[in-house]
1. Take every Cα-Cα distance within the chain, group them into 5 Å bins from 0 onward, and report for each bin the whole-number percent of pairs it holds.
2. Rounded to the nearest percent, how much of the accessible area of the chain (1.4 Å probe, protein heavy atoms only) is carbon and sulfur?
3. Using a Förster distance of 41 angstrom, determine the FRET efficiency expected from the C-beta separation of residue 43 and residue 12, and round it to 0.05.
4. Note the angle between two axes, namely the Cα long axis of helix 24-142 and the longest principal axis of the Cα atoms of the chain, as a number of degrees from 0 to 90, rounded to the nearest 10.
5. Within the set of other residues whose C-beta is less than 13 Å from the C-beta of residue 140, count the net charge using Lys and Arg as +1 and Asp and Glu as -1.
6. Output the 0 to 90 degree angle, nearest 10, between the alpha-carbon long axis of helix 2-13 and the longest principal axis computed from the alpha carbons of the chain.
7. Using just the alpha carbons, could you tell me how many Å³ per residue the convex hull of the stretch 52-98 encloses?
8. Just 49, 84, 28 to compare: in a GNM of the chain, with alpha carbon springs under 10 Å, which one fluctuates most?
Amino acid sequence: MKIILISITAFLVFTAPVFSELTVTDLEKIRSIVKESEDRLKEDLKASEERLKEDLKTSEKRLKEDIETSEKRLMQHVADKFGEVDKRLNIIFGFVIALITLIVVVVGVPQIIMAWRGKEDRTQKEQIQELRQEIEALKQQRT
C-alpha cells in the first residue's frame, strides 16, 4: 500500500505539465481569450444597461401615471368633501335664517300689537280729554 501511494505521488510530482513553460503563442491565446471575454462582458453590460434604462423608463412612466391617477382620485375626494361641507353649511345657514325669522316674529309681533294698542289708547285718551273739556265747558255754562 505504501509503495502504491509513493509511486502515485512520484508520478504526480514529476509529470511533464509540471515542468512545462508558457510559450508566446500560449500567451497570445490567453490574451485573445481574455479579450474576447472582456468584449462579451462589455456587450453584456451594455445590453444590461440598455434593458435597465428601458425598465427604468417604463417604471417611471407607470409611476407618473399612478401618481396622476392618485392625484385625480384625491382631488375628487377633496371636492366631494367640500361639497358635503357646503351642503351642511347651507343647511346651517337655512336654520340660522329660520331662527332669526322666528325671533323677529316672536319679538316683533307683540311689539307691533302693543304699538297698535298704544295708538288706540292714545286715541281713547284724546277722546276722553276732549269729552272732559266739553263736560267742563258745559258745567261752566250751567253755572
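The values are calculated or read from the model by the stated rules, or taken from the named source; none is laboratory data. This structure is a prediction, so every number in the text was calculated from the model and none was measured. Note that each Cβ is placed from the backbone with ideal geometry, even for glycine, and that neighbours are counted across all protein chains shown. Just so you know, the surface numbers come from the protein's heavy atoms only, side chains and all, with ligands and any DNA or RNA stripped out. Shrake-Rupley method; radii C 1.70, N 1.55, O 1.52, S 1.80 Å.
1. Cα pair-distance distribution for the chain, in percent: 2, 6, 4, 5, 4, 5, 4, 4, 4, 4, 4, 4, 3, 3, 3, 3, 3, 3, 3, 3, 3, 2, 2, 2, 2, 2, 2, 2, 2, 1, 1, 1, 1, 1, 1, 1, 0.
2. Details: 9090 of 14220 Å².
Answer for the chain is 64 percent, counting heavy atoms of protein chains only.
3. On the way: r = 41 Å, r/R0 = 0.99.
Plugging the Cβ-Cβ distance into 1/(1 + (r/R0)^6) gives 0.50.
4. 10
5. Values: positive: 132, 139, 142; negative: 134, 136.
Its environment carries a net charge of +1.
6. Helix 2-13 and the main axis of the chain meet at about 80 degrees.
7. Values: hull volume 1.4 nm³, N = 47.
Per residue, the Cα convex hull of the stretch 52-98 comes to 31 Å³.
8. Most flexible of the set in this elastic network: 28.
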